[in-house]
Amino acid sequence: MVSLSKKRLDNVGRALSGACVTLIVLLVATLVFMVAQHGLATFFVDGISPTAFFTGTTWNPHQADASGAPTVGALPMIVGSFSVTLLSTLLALPFALGSAIFVVEISPKFGRTVFQPVVELLVGIPSVVYGLIGLTIVVAWCRGWSNTTGFGIFSGSIVLAVMILPTITSLSIDALTAVPKAYREGAYGVGASRWQTIWHVVLRAAMPSLCTAVVLGMTRAFGEALAVQMVIGNAAQVPDGLFTPASTLTSVLTMGIGNEMMGTVYSDVLWSLALLLLAMSFVFISVIHFIERKGGLNANGR
C-alpha cells in the first residue's frame, strides 16, 4: 500500500513537471511566433527591402521615399544599441572583476557580509530611478565638461554600467568561488605570491564562467529601455561621437509602440525591431552555451 502511494505520488509529480515544461515551451514558441509574424510582415507584406531596413540611416516611418515605401533605416538604432552595450560593459567589467577578487580572495568575511549585499541592493532599484539619477547627475556632469547637451552614448553607457554591475559582480564572485582550493594551494606550494596565484591560476581557471558573466551583463544592457531612453537623447541618427544624441532599438520601441495601431506599416516596423532584439537575445544565449561547453571540454582536458 505504501509503495502504491509512492508510485502514485511519483506519477503525479512527473505529470505536473511535464505540464509545466510543456506550458513553458508553448509560451516561448507562441512568443517567438507572434514576434516573427509581425516582424517579418515588414518585408513580406509591406514590401520594405531588408537591405534598406538594416543599412538605411534615415528613420522617418511617416515619410515615404522615392519608391513610395516608408523611410525606415534602422542602422542608427542598431549602432546605438551596440555602442552603449559594449561601452557600458567595458566600464563595468574592471569594477565588477575587482569587486569579485576582493570578496573571494582579499577579504572574504567583510566582502560576504557587507560588500556583496550592498552591491546586490543595486538590482532592486527600478530602472526609472537610474534614469532620473542619470538625467540629473550624469547628463549634467557630461554637459559641464564636454560643451555639449550631455545626452549621448557616453551618458547612457555610464547609467547602464551601474545597472549591470551587480549582475557581472555576483556571477564573477560565483565563478571565483567555484575554483577548487587545491589550485590555490598548489600555486602557493611552488612559491607563487597571492597576486600571482589570482592572476595566473584563479582567473584562468574561472575564465569560462567569467566570460558567461560578461555576456549576461551585455544581455541585460542590450535589452534595457527606460533608463537609456532618459539619457541618450533619442535622436534617430548614426552617432558621430560619444556625446552625440543617439537612439537605441529599445528606446524607439518604447516611444512608438503605444502610439500605433496594430496592422499599420509603422507597427510592423516596430515589431521588426522587436524581432531583431529577440534574435540578439538568442545570439547571446548561444554564446553562453558555447562558452560553457568549451569550458567543460577544457576542464576535462580535451
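Over the Cα atoms of the chain, each weighted equally, I'd like the Debye log10 I(q)/I(0) at q = 0.11 Å⁻¹, rounded to two decimals. Each listed q maps to, in turn, -0.84.
A Förster radius of 35 Å, combined with the Cβ-Cβ distance separating Ile257 from Leu16, puts the computed FRET efficiency at roughly 0.45. Residue order for Arg184, Arg14, fewest other beta carbons within 10 angstrom first, comes to Arg14, Arg184.
To the nearest 20 debye, what is the magnitude of the charge dipole of the chain about its Cα centre, counting +1 on the Cβ of each Lys and Arg and -1 on the Cβ of each Asp and Glu?
Working: 15 positive and 12 negative charges, 289 e Å.
I would put it at about 1380 debye.
How large is the convex hull of the Cα atoms of the stretch 2-72 per residue, expressed in Å³ as a whole number? The partial results should precede the final answer.
On the way: hull volume 7.5 nm³, N = 71.
Looking at the stretch 2-72, the number lands at 106 Å³ per residue.
Contact order for the chain, expressed relative to its length and based on alpha carbon pairs under 8 Å spaced 6+ residues apart, stands at 24 percent. The share of alpha-carbon pairs in the stretch 164-264 lying farther apart than 20 Å comes to 60%.
Decide, for the stretch 76-133, between rounded, prolate and oblate: order the square roots of the alpha carbon gyration tensor eigenvalues as a ≥ b ≥ c, take rounded if a/c falls under 1.5, and otherwise choose prolate if a/b is larger than b/c, else oblate. In terms of gyration-tensor shape, oblate.
If neighbour count is taken as other Cβ atoms inside 10 Å, put Ile125, Ile78, Ile164 in order from fewest to most.
Values: Ile125 14, Ile78 18, Ile164 27.
Going from least to most buried by this count: Ile125, Ile78, Ile164.
For the chain, take the longest principal axis of its alpha carbons; what is the angle in degrees between that and the long axis of helix 153-177, to the nearest 10 within 0 to 90? Relative to the chain, helix 153-177 is tipped by roughly 30 degrees. In a reduced charge model with +1 at each Lys and Arg Cβ and -1 at each Asp and Glu Cβ, the stretch 61-182 shows a dipole moment near 300 debye about its Cα centre. Only Cα pairs under 8 Å and 6+ residues apart enter the sum, and on that basis the relative contact order of the stretch 187-269 stands at 17 percent. Near Val72, the amide H atoms lying under 5 Å from its own belong to Asn60; only residues 5 or more places off or on other chains count, and H is placed 1.01 Å from N.
GNM remark for the chain: springs join alpha carbons under 10 Å apart, and the peak mean-square fluctuation among Met230, Met262, Met280 falls on Met262. Between Tyr188, Tyr130, Tyr266, the Gaussian network model of the chain with springs among Cα atoms under 10 angstrom shows the greatest mean-square fluctuation at Tyr188.
Listed from fewest to most Cβ neighbours within 10 Å, the set Cys20, Cys211 follows the order Cys20, Cys211. Considering only Leu253, Val72, Ala29, the residue lying farthest towards the positive end of the dipole of the chain is Ala29, judged by Cα position with unit charges set on Cβ.
Mean separation of Cα pairs under 8 Å and 6 or more residues apart, divided by the residue count, gives the stretch 2-72 a relative contact order of 17 percent. Compute a Gaussian network model of the chain, connecting alpha carbons closer than 10 Å, and tell me which residue from Asp240, Asp46, Asp268 fluctuates the most. Residue with maximal mean-square fluctuation among Asp240, Asp46, Asp268: Asp240.
With each run of n ≥ 4 DSSP H residues scored as -39500 (n - 2.57), what mean residue ellipticity at 222 nm is computed for the chain after dividing by its residue count and rounding to the nearest 500 deg cm²/dmol?
For the chain, the value works out to -22000 deg cm²/dmol.
Expressed in Å, the radius of gyration and Dmax of the Cα atoms of the stretch 142-182 are 17.0, 54.
Any read-out appearing in this document is the output of simple, stated calculations on the displayed coordinates, not a laboratory observation. From a predicted model like this one, the values you see are computed outputs, not experimental measurements. When we count neighbours, we look across all protein chains shown, and the Cβ atoms used for this are built from the backbone with ideal geometry, even at glycine.
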